[in-house]
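Here the structure is laid out as structure tokens; the discussion comes afterwards.
The values are calculated or read from the model by the stated rules, or taken from the named source; none is laboratory data. Because the structure is a prediction, the values reported are computed rather than measured. All Cβ positions, glycine included, derive from the backbone under ideal geometry; neighbour counts span all protein chains shown. Accessible surface areas use protein heavy atoms only, side chains included; no ligands, DNA or RNA. Shrake-Rupley method; radii C 1.70, N 1.55, O 1.52, S 1.80 Å.
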Amino acid sequence: VYTDSATQVFNRRYYDERLRSLTGEYALAMIDLDNFKEINDRFGHPAGDAALFHAAQTMRSMLRSGDELVRYGGDEFLLLMPQLRPEGLPLVMDRIQEAVRQARVESHPEIRLSISVGGVCGVHPLREAIRQADDRMYQNKARNKE
């Protein structure tokens, strides 16, 4: 019920029912798969689905046991990291970006994956943390295009 069928990570329903009213200390990152529309347009939707799956599984492999990766919508993911210190957030985001850059889509080896990431630490309520992380993610996306 809480697993996204395309990526095998938590789905939006999980966010809506389990995370929306979250309290406590956490870091949050918003993650967007770069060039997803181009992947779909050039290689077809099955390749886009494979790209989403491989990116999600790569990100998931980098997480601690209490971290939660949610497919928030389309090609966008929310990563919740309880008890992560502010100084650790840039390191985690960099490691995840590099791991996805190194990942390959087995069925389409010509696809090069990359993600844009923005994160915040200690921002409450969750809605505001998402807004700020989303703004930072779009700043990262703009820098990646330069």
For this session: Give the value in nm², to one decimal: projected area of the alpha carbon convex hull of the chain, averaged over all directions.
Result: 8.3 nm²
Problem set entry | Selection of trypsin sites (Lys or Arg not before Pro), segment 60-146, meeting DSSP coil and at most 12 other Cβ within 10 Å | ARG64
Exercise. What residues from segment 89-130 fall in the zone where the backbone N is under 17 Å from a label point 7 Å along the Cα-to-C-beta line of GLN8?
Worked result: 100, 103-108
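Between beta-carbons, use under 10 Å as the cut-off and find the net charge around LEU113, counting Lys and Arg +1, Asp and Glu -1.
Details: positive: ARG101, ARG104, ARG112; negative: ASP34.
Neighbourhood net charge equals +2.
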Problem set entry | Cα gyration tensor category, rounded, prolate or oblate, for segment 35-93 with a/c compared to 1.5 | prolate
Exercise. Roughly what angle does helix 89-102 make with the longest principal axis of the chain, taking Cα atoms, 0 to 90 degrees, to the nearest 10?
Worked result: 10 degrees
For this session: Please determine, in degrees from 0 to 90 and to the nearest 10, the orientation of helix 126-145 with respect to the longest principal axis defined by the Cα atoms of the chain, where the helix direction is its Cα long axis.
Result: 40 degrees
Seminar exercise, completed: Ranking LEU28, ALA6, THR58 by how far each Cα lies towards the positive end of the charge dipole of the chain (+1 on Lys and Arg Cβ, -1 on Asp and Glu Cβ), the top one is LEU28
Exercise. About the Cα centre of segment 1-53, what is the dipole size in debye to 20, counting +1 per Lys and Arg Cβ and -1 per Asp and Glu Cβ, all else neutral?
Worked result: 160 debye
For this session: Would you calculate, for the chain, the mean residue ellipticity at 222 nm contributed by helices, counting each DSSP H stretch of 4 or more residues as -39,500 (n - 2.57) and dividing by all residues, to the nearest 500?
Result: -13000 deg cm²/dmol
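For LEU91 and GLN132, compute 0.36 nm times the residue count separating them, minus their Cα-Cα distance, and round to one decimal in nm. Display every interim value, and only then the final one.
Details: separation 41, 0.36 × 41 = 14.76 nm, distance 1.84 nm.
Fully extending the segment from LEU91 to GLN132 adds 12.9 nm.
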Seminar exercise, completed: Rounded to the nearest 10 Å², the 1.4 Å probe accessible area of PHE10 is 70 Å²
Exercise. Can you give the relative contact order of the chain as a percent, counting alpha carbon pairs under 8 Å and 6+ residues apart?
Worked result: 31 percent
Exercise. Using a 1.4 Å probe on the protein chains only, how many percent of the accessible area of the chain belongs to carbon and sulfur?
Worked result: 48 percent
For this session: Treat each spin label as a single point 7 Å out from the Cα along the C-beta direction, and report the ALA99 to LYS37 distance in nm.
Result: 2.9 nm
